1. So which of 27, 75, 38 ends up being in a helix (DSSP H, G or I), of a type in the set (D, E, K, R) and modelled with pLDDT of 95 or more?
2. Being over 34 Å from the mean Cα position of the chain (by Cα) and of a type outside the set (S, T, N, Q) is true for just one of 103, 74. Which residue is that?
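The values are calculated or read from the model by the stated rules, or taken from the named source; none is laboratory data. In this text the structure is predicted, and so the values were computed from the model without any measurement.
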Amino acid sequence: MQSGPASPSAPTDTLHRIVYAKEEAEKKWIEEQEEFRKRQRDHEIKMIEIEQAEVVRREKEVRKLNDLLAETRRKNQLVQDKVQEQIQHLHKMLEEHKAEHQRHEESIENDIIGKEQMLFNVKDSLDKRRKMLEMDEDNQSNIEDESLNLIFRTCSMYPTLGLNVKDAPDARPPSSDQSTMDENWSSSATIQFQKSPQLSNDSSRTEHSDTSL
């Protein structure tokens with residue numbers, strides 16, 4: 001009896017399926033890895049493009065800021081130069097005002113010195129005139145005292161003369177004419193005393209002093 005080809009046994013079929021599944025899994029894994037690498041590469045390319053664009057944009061911003069900084073520095077320097085110029089001008093004005101104020105103050109000080117010197121001179125003249133007036137008043141008092149003493153001594157001589165005339169051999173009572181002459185002499189002495197040249201000079205000197213003050 002002639003036998004045909006032998007059919008695979010069940011364990012052999014199972015082994016083939018396992019090997020096939022393994023090969024398929026490896027193939028799929030390889031494909032997935034390739035896909036992942038492709039996607040990763042695409043992702044990296046995309047990130048490079050994005051970052052490159054960001055670099056360009058940021059460089060533009062930096063250049064813009066540098067230009068702004070330069071312009072700001074230029075404007076600030078102009079302002080500082082202007083302020084410095086104003087400060088120098090104000091300093092010059094300050095020095096001019098100081099010099100003018102110094103001259104004005106010195107002028108006032110000179111006026112004060114002149115006024116004080118004049119005040120000192122007037123006070124000194126006032127003191128001298130007061131002393132002279134006091135001396136004149138003292139002299140006037142002495143003259144008045146001497147004149148009164150002279151009048152008293154003169155008047156005291158009349159009783160003695162009267163007794164001598166009465167005791168004389170040919171003595172006669174004084175006539176009315178003699179009495180009138182004596183009264184006129186007494187009045188004349190009093191008037192002369194009141195109109196003494198010394199007193200007149202003292203009075204005019206006092207008036208002159210008051211006018212000067």
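1. 75
2. The unique qualifying residue is 74.
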